[in-house]
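Please treat every number below as a calculation from the coordinates, not as lab data. Bear in mind that the values here come from a model prediction, so they are computed numbers and not experimental data. Note: ideal-geometry Cβ built from the backbone for every residue, glycine included; neighbour counts use all protein chains shown.
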Amino acid sequence: MQLVIINSLYKNVRYRVFEWNSKYYLLDCDASILLLFFPLFAFFRTHKCYCIEPEEYKTLLSSTYSEIKPYQFVGATLCIIFGTTLLRRHLVKVLLPELPNVAAVSKFGLLFIILFFVLGFRFQYSHKKRLLLDYEGRPYVFVKMSPANWKMAVGKIMSYFILLFLLLWRVYTIVVTDEVDSFIILGIIPFLLFLVMFANLSFWDLKEYQIVLKSE
């Protein structure tokens, strides 16, 4: 077991890079679709990390990275969705004070549409951030990684479960309630679902990890 420092790529939150045994390796945080739904599996599964050249390492990183938030794009997207939902609801309420709540027969359809939209956006985002590297013949290793400081990791894990609980609780209240405020379905549910779908990327922001070689 060895301690490594994992760094993020410039404007690409899908990948992480680290130096180990005088070599540089590339970690794909979205390598498995299961990690989108079960992000904690990242600390228990084996990761396939490709070796990259020092020149590639310098190209992927940037000296100005520290000035840029890794979730700038995601955060801006969430703010736009949340803000436009608030504005749209406010304007409609003003123009049409008798706006009805979402009927029970349509709320399940709306939940399905929201789930389809968020998952589609998540997959499309991951696909657009995919690096077009030549993997054929490139050396790689299989490793397991875990946080070096579990005290810091507990905070992220608790935050994830709180978000997941809020999401499931909101969905449950929508299912068992005959009529639901349209803002809950059109605003709160997409916001929480976005955060949960991107949680697997945030688990790699702790910097220091313990790495164990499984095979190469």
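Things to note:
- Spin-label zone in region 21-47 - amide nitrogen under 13 Å from a point set 7 Å from the Cα of LEU213 along the C-beta vector: 21-24
- Among CYS29, CYS49, the order by Cβ neighbours within 10 angstrom, fewest to most, reads CYS29, CYS49.
- Inter-part distance where region 124-181 and region 1-39 are each reduced to a Cα centre, Å: 14 Å
- Sparsely packed loop sites in region 106-187 (the trypsin sites (Lys or Arg not before Pro) outside DSSP H, G, I, E and B with at most 14 other Cβ atoms within 10 Å) comprise ARG130.
- Label positions at PHE41 and LEU164, each projected 7 Å from the Cα along the C-beta direction, are separated by 1.2 nm.
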